[in-house]
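Let me begin by presenting the structure, written as structure tokens, before commenting on it.
The values are calculated or read from the model by the stated rules, or taken from the named source; none is laboratory data. Note that the structure is a prediction, hence the values are computed from the model and not measured. Virtual Cβ from ideal backbone geometry, glycine too; neighbours counted across all protein chains shown.
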Amino acid sequence: AMAGHVTMRDGSEGPFRRLQVLNPGEKIFLQTGKYNYTYQVRELVTVPDYEFSVLESTESPQLTLVTCTGWDEELEIYLERLVLYADLVESSPR
């Protein structure tokens with residue numbers, strides 16, 4: 001699982017600013033120092049900010065991306081989390 005901001009403290013765009021525009025079936029490419037990974041988006045869900053079950057281990061390899069959503073103007077906080085699930089399609093050494 002990886003978490004990233006929608007908006008940074010200075011008001012600039014965070015790394016997951018456009019997470020919500022990804023659709024099921026689209027590919028995500030992730031590189032580490034040793035491997036290249038390709039994931040396919042399965043689904044996006046919105047959960048309450050206190051819901052941590054989205055971070056639990058899974059039987060099959062998947063990528064879970066989490067960011068904030070559901071901004072409350074009055075409270076000036078995010079009330080929900082946007083969670084993207086993607087399944088591993090391919091991995092190869094770099």
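Worth a mention:
- Residue in the range 23-32 that is at pLDDT below 95, of a type outside the set (Ser, Thr, Tyr) and assigned to a loop (DSSP other than H, G, I, E, B) present: no
Residue by residue, here is whether (1) surrounded by 11 or more Cβ atoms within 10 Å (Cβ to Cβ); (2) in contact (Cβ under 8 Å) with a residue 60 or more places away in the chain holds:
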site	(1), (2)
Glu26	yes, no
Leu30	yes, no
Pro48	no, no
Val54	yes, no
Ser60	no, no
Leu63	yes, yes
Thr69	yes, yes
Glu73	no, no
Leu88	yes, no
